[in-house]
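A short worksheet on the structure shown next.
The values are calculated or read from the model by the stated rules, or taken from the named source; none is laboratory data. Just so we're clear, the structure is a prediction, and the values are computed from it rather than from any experiment. Methodologically, a virtual Cβ is constructed for each residue, glycine included, from the backbone with ideal geometry; neighbour enumeration extends over all protein chains shown.
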């Protein structure tokens, strides 16, 4: 992305674990690089109760960072029954922009599906109670995620790192859920994902990095970071035959409408 375009774009990274240890050592430089490519705001989802306090401290000190609190299915062994009650207290006291990261992960066999469903449906209810969007992890579980969302209608949110079919994407969009698109779309072998990105209305899309995980093709094997959203932006814009600036504006509008934060404050430069 050339320098003049970087100055023109307005990007929201709708899913980035900015509180991860791997980003902490050089966080000021990470934020500066993100700001240089046009990232103005970042949604930072929680993964477990033990890290909620760290996340609260981060968003209190980093302008443009917004917290979501939840219980991630991949950390199932850490979650205790009392954490759901505590989550309700955190949502009431902290007033975050979303509930999550939550959801279902059927890829890892050691994660008990029944317990995952119990935690996920409880977090759907919390999102309904507090009128907050959900940030959802759905690995090999998109149909079940849709099923449980239909059972508690009236929710909204995003299924991040979407990897399903066009039919599944359209079903989620009808339910009020956007699709988070990140580094995987930059790989030429991701033909199904690319076709989904081309076919959906732009109103269904958010851009994300999932940093420090899921780097794009040009950073394969590296630690991911929010600045690498530029590669996602350029790839999706090319697939949709639109300009990066127009796509950035549209997806950032989507993010701000979903999470109900306005355009300021911005990340430090």
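Things to note:
- Given (1) surrounded by 14 or more Cβ atoms within 10 Å (Cβ to Cβ); (2) closer than 30 Å to residue 170 by Cα; (3) under 19 Å from the mean Cα position of the chain (by Cα), index of the condition residue 122 fails: (3)
So that you can scan it fast, the table gives a plain yes or no per residue for (1) under 16 Å from residue 101 (Cβ atoms); (2) within 18 Å of the chain's Cα centre (by Cα); (3) at pLDDT below 95:
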site	(1), (2), (3)
2	no, no, yes
28	no, no, no
34	no, yes, no
39	no, yes, no
44	yes, yes, no
48	yes, yes, no
51	yes, yes, no
54	yes, no, no
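- Filtered residues of the stretch 101-119 (kept if surrounded by 15 or more Cβ atoms within 10 Å (Cβ to Cβ) and assigned to a loop (DSSP other than H, G, I, E, B)): 106, 111
- Condition check for residue 204: touching a helix residue (DSSP H, G or I) at 6+ places or on another chain (Cβ under 8 Å) and more than 23 Å from residue 136 (Cβ to Cβ): no
- Residues of the stretch 85-115 satisfying the condition of being in contact with a helix residue (DSSP H, G or I) (Cβ under 8 Å, 6 or more places away or on another chain), more than 24 Å from residue 14 (Cα to Cα) and at pLDDT 95 or above: 86, 111, 112, 115
- Residues that are in contact (Cβ under 8 Å) with a residue 24 or more places away in the chain and either out of contact with any helix residue (DSSP H, G or I) (no Cβ under 7 Å at 6 or more places or on another chain) or part of a loop (DSSP other than H, G, I, E, B) (or both), drawn from the stretch 252-263: 252, 255, 256, 258, 259, 260, 261, 263
- The lone exception for residue 246 - which of (1) touching a helix residue (DSSP H, G or I) at 6+ places or on another chain (Cβ under 8 Å); (2) touching a residue at least 24 places away in the same chain (Cβ under 8 Å); (3) more than 14 Å from residue 30 (Cβ to Cβ) it fails: (2)
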